[in-house]
Structures are given as structure tokens and as C-alpha cells.
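The values are calculated or read from the model by the stated rules, or taken from the named source; none is laboratory data. None of these values were measured; they are calculated from a predicted model. Every residue, glycine as well, gets a Cβ built from its backbone with ideal geometry; the counts of neighbours run over all protein chains shown. Just the protein is used for accessible areas: all its heavy atoms, side chains included, with ligands, DNA and RNA removed. Shrake-Rupley method; radii C 1.70, N 1.55, O 1.52, S 1.80 Å.
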Amino acid sequence: MQPTSHNTQQVKRINVELVKNTLRSTGVGTKSSIANLTKLSVATCGTILNELLQTGEIIDLGPDESSGGRPASRYQFNADYASVLCVFIRTEGGVHSITHLQANLNGEIKDEQTLILDEITVATVEDLATALIEKYNNVQAIGIGIPGVAHNGIIGICDVPGLAGQPLGPWLKERFDDVEVIIDNDMNLTVYGLYNEQHFEEEKNFAVVTFPKNHYPGAGFIIDGHPLKGNTHFSGEVSYLPFGVSSEEQLQLLQTPEGLHQLVVKTLVSIIVIINPAAIVITGDTMDSGMQHDLIQSCLQTIPQEHMPQVMIQNDTRREYVTGLVAVTLESLTYRIQLIEKKW
């Protein structure tokens, strides 16, 4: 986040964000009710509401029921004022696919389609983004989830060969100057979606680790409620843990029940002793719920019972992946200086 020494323009943008977020969460509000919730003056709220009406970001629903005196106007956040695109790039079993969807400003998904492709390159993504921006109304952000590492929009290690090492983010930003571009690792996005579903009463440490067939494992972490990405967004590449075997041997071990159990336990123990999470979710198509008890018991041979987190196995995390990417893409539209620090 930027420093919190605000000039007048910054303060105004913060106040506008406050008003919009208040209307988004309450559904409908009057000038007085919004002022009460935001702790802004009625005059300030009135000015901001008038500006948002002119841009179309809110809707005037007409006067409230009168309780004596002049009835107050009711306002509603216009979730369809703009939209975001979310693009999920996958490679599974040698099959490359792109799933894309449009969501409004409340995160409601309006359209979703999946394309199966022979290969995926930067040109593939750019052409798709161009077509979708022309198709949909007022796209303000593009969020892209990849099976790999991205730092400042530049993709590093990636399971999709045509994207590995490519500056996809900078190219898209140059092509669509007025559109926010977010590129992140699929596990980071999935862990964000899964963490929000836990409804912890206070911020916790949390981890998700995946063991897909014919691929190396990966992980994502939440620390005190905040995603951990690392200095170069390399955090979560657990296949680089010192298992004492080569990369080729690791893949072979993952294909046998005994080898898979061994590597999962070593990964879980490493995560537990480093971040001490409240819970770990294990995903991937090599896992099933019947493995949960044996994995926990094996971890307890090393980890004291009082430090053992809740361990859950969940094979299908596509919904949480979608939830995470939509949330992060929408957050990219919020003003960078906030009264409450953003989690992503």
C-alpha cells in the first residue's frame, strides 16, 4: 500500500470508495443512512452521490416512504455499470483449455465458456481478450489464472509451454491501456477462495496443497489473513522441497500409493513447522477422502498433537478457484489507498 499521508484528492477518492462499498454491502441507502455508516458528513455524501449518479455508478430508486417531512431519495449500487473478465488457463492430461467468464461489480457471473485448444500462446490470450472486450460492456479489469509463477505480469515457470517466460501482463497492459490486468498463480487464487469459505472468527494462517496426476505438487498460503506470495512470487512451489530425490524420481514416486503418501506427509510436515496453520486443505486428483486418517497419523509421528492443524481433503476446487480470481480481479479496481488495508 501507499503511504497514508493523504492530499485532498486522495481523501476524496477514499471517501468515494467508502460510499460505493457501503452501498454495495447494504443494497439500498439514503444520504443520511450512508453518512451514518461511513461517518462522513451528510453534505459530503450528497456531493459524492450526485457525482456517482452522473457517471451511472449508482441508481436513484426514488423517494423513501415518508415519515413526515420531505421523503429522502434511495440509492442503489449499479453492479452492471462495468464488468470484469476472468480467464482460467489450464493444462490437464496434455489438454490445453481456457475458461473465460464475465462478472459484474458484485461478482455475479454473467457468462462462462470453455475453449479446448491445441496450444496456448500470448497471441491466443491477447486475441481472446480483444474479442471479449469488444463483446462485453465496459470491461475494466482482466484477471488471469495460470498454472505457474507470475511476477509483475511476467510469467516464469509455467505448465503451459507457450506462456513460460513470456511478459504477458505488460503486453496486455500496453494493448489495453485503460484496463487493469492481474495475473496470478492458480493455487494462490484457490487458497484465497478456500480461506474465505472457512469463515474464521479472526485472521488465521492457512494452507492449500495440491497433488495433481502427472504434475508436480503446488501450494498456496494465507498468513494472518493475507496471501503469502514471496519476494518473486515463488512461494508455494513445494516440489522444490529437499525430498532427497531428483525431479524425475519425484514424479515416479507420486504415481505409486506408497510414494505419494511419503511425499504428501513430508510436504505437510514442512508446511506445519514453518507457518503453523490452523487448517490445511489437500486437493488434487491423486487424493481421496479415505487417505485423510493415515496422513494425519503419519504427520503426528513428527508433529505434536497440540500443533496439528485441521486437515481436509477436497478434490474439486474449481468453484473456489473461480471465487478467488473474481474477488482479486474486482479488488484491482479499488483505490490503492484505503482506510482498511487490503488483503490481496
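Once Lys and Arg get +1 and Asp and Glu get -1 on their Cβ, which of H226, Y136, V19 lies farthest toward the positive end of the dipole of the chain?
The Cα lying farthest towards the positive end belongs to V19.
If you roll a 1.4 angstrom probe over the protein chains with everything in place, what fraction of the accessible area of segment 119-236 belongs to carbon and sulfur, to the nearest %? Display every interim value, and only then the final one.
On the way: 2480 of 5190 Å².
Answer for segment 119-236 is 48 percent, counting heavy atoms of protein chains only.
Multiply the residue gap between S270 and S32 by 0.36 nm, knock off their C-alpha separation, and tell me the result in nm, one decimal place. Show your work: numbers first, answer last.
Details: separation 238, 0.36 × 238 = 85.68 nm, distance 5.29 nm.
Result for the pair: 80.4 nm of gain on full extension.
Roughly how many nanometres apart are two label points built 7 Å out from the Cα toward the Cβ at L115 and T47?
Result for the modelled spin labels: 4.6 nm.
Under the definition of Cα pairs under 8 Å and six or more residues apart, what whole-number percent is the relative contact order of segment 248-316? Before the final figure, lay out each step's value.
On the way: 63 pairs, mean separation 27.2, N = 69.
The normalised contact order for segment 248-316 reaches 39 percent.
Where only protein heavy atoms count, and the probe is 1.4 Å, what is the accessible area per residue for the chain in Å²? Spell out each step's value before the answer.
On the way: 17210 Å² over 344 residues.
That works out to 50 Å² for each residue.
Please sort by residue number the GluC sites (Glu not before Pro) in segment 203-286 whose DSSP state is loop and whose Cβ has at most 15 other Cβ atoms within 10 Å.
Working: sites: E203, E237, E248, E249, E258; in loops: E203, E237.
Here the GluC sites (Glu not before Pro) that fit, given the DSSP loop and packing criteria, are E203.
Checking the table K31/K110; K39/K135; K20/K110; K20/K204; K31/K135 against a 32 Å threshold on Cα-Cα, which pairs fail? It would help to have the intermediate numbers written out before the result.
Working: K31/K110 30 Å; K39/K135 40 Å; K20/K110 21 Å; K20/K204 28 Å; K31/K135 35 Å.
From the list (K31/K110; K39/K135; K20/K110; K20/K204; K31/K135), the Cα-Cα distance tops 32 Å for K39/K135; K31/K135.
In vacuum, with every alpha carbon of the chain counted as one equal point scatterer, what does the Debye formula give for log10 I(q)/I(0) at q = 0.08, 0.09 Å⁻¹? Two decimals, please.
Debye intensities relative to I(0), on a log10 scale: -0.46, -0.58.
Please list, in order along segment 106-115, the HN-Hα scalar couplings obtained from phi with the Karplus expression 6.51 cos²θ - 1.76 cosθ + 1.60 (θ = phi - 60°), rounded to whole Hz, x for Gly and Pro.
With coefficients 6.51, -1.76 and 1.60, one gets 9, x, 7, 7, 9, 7, 8, 9, 10, 10 Hz.
Mind giving me the nanometre distance, one decimal, between the label points for T55 and Q310, set 7 Å out from Cα along Cα→Cβ?
Label-label distance for T55 and Q310, simple model: 3.9 nm.
Not counting ligands, DNA or RNA, and with a 1.4 Å probe, what is K31's accessible surface area in Å² rounded to the nearest 10?
The accessible area comes out at roughly 80 Å².
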